[in-house]
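In what follows, a structure is listed as structure tokens, so that the remarks can point back to it.
The values are calculated or read from the model by the stated rules, or taken from the named source; none is laboratory data. What you are looking at is a predicted structure, and each value in this text was computed from that prediction instead of being measured. Here Cβ is always computed from backbone atoms with ideal geometry, including for glycine, and neighbour counts include all displayed protein chains.
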């Protein structure tokens, strides 16, 4: 599985919740999050979408955060500092993670990641939490359905485009308000669902050479 994200400062799978009931839910990435805070970069992989409480972190799956620190945003910007954070589990209460840079391992942590504080490396530059959490994603499924119904009710004069979407000129103020109200109503379809989360906090000194952009993607690898 692969998920991709860009933030400021093996065998693969496709990300999302479509395959949530697949054969290997602990290898299914639901979401990838990354953000900066003071001296650290915070990284999250959510796996086992729609987790039913019966799954544990799989010793046969390797979880990887791939980080590229660059001086600017975009694939055309040359250079960059590559870092990987690789985690594997013996059980829900036993993990080991490596931070790998160009010269090899820059930090290592092992222990029980299931407490709220997680487990930190002796140097304090790498910390990991792993466990079941409420799904942080938001999806207004019912509101989207109402919006689609409202859009389908818009007259096809002027004609719709090749994809069947109404011409923007067909939307008067009332119809536009109807679609907006539909999207503003409804509820979070993921409000009562859970995921298995892997949360990594890594010191920025292990990630970049003073660059301002960090591109992040994540993958899971089975049988490694």
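Taking the numbered list (1) at pLDDT below 80; (2) out of contact with any helix residue (DSSP H, G or I) (no Cβ under 7 Å at 6 or more places or on another chain) in turn, residue 150 passes all entries but (2).
Only a single criterion out of (1) within 22 Å of the chain's Cα centre (by Cα); (2) surrounded by 15 or more Cβ atoms within 10 Å (Cβ to Cβ) is not satisfied by residue 143, namely (1). For region 12-60, taking the residues that are more than 17 Å from residue 132 (Cα to Cα) and in contact with a helix residue (DSSP H, G or I) (Cβ under 8 Å, 6 or more places away or on another chain), the one that is modelled with the lowest pLDDT is identified as 13. Looking only at region 93-109, residues that are at pLDDT 95 or above and either in a loop (DSSP other than H, G, I, E, B) or not assigned by TED's automatic domain parsing to the domain that holds residue 34 (or both) come to 1 in all. Filtered by the rule that a residue be under 20 Å from residue 41 (Cβ atoms) and in a strand (DSSP E or B), region 110-132 gives 119, 120, 126, 127, 128, 129, 130.
Among the residues of region 51-72, which ones are in a loop (DSSP other than H, G, I, E, B) and over 26 Å from residue 102 (Cβ atoms)? 52, 53, 54, 55, 56, 57, 58, 59, 60, listed by residue number.
Can you find a residue that is at pLDDT 75 or above, under 27 Å from residue 48 (Cα atoms) and touching a helix residue (DSSP H, G or I) at 6+ places or on another chain (Cβ under 9 Å) anywhere in region 190-202? The answer is yes; a qualifying residue exists.
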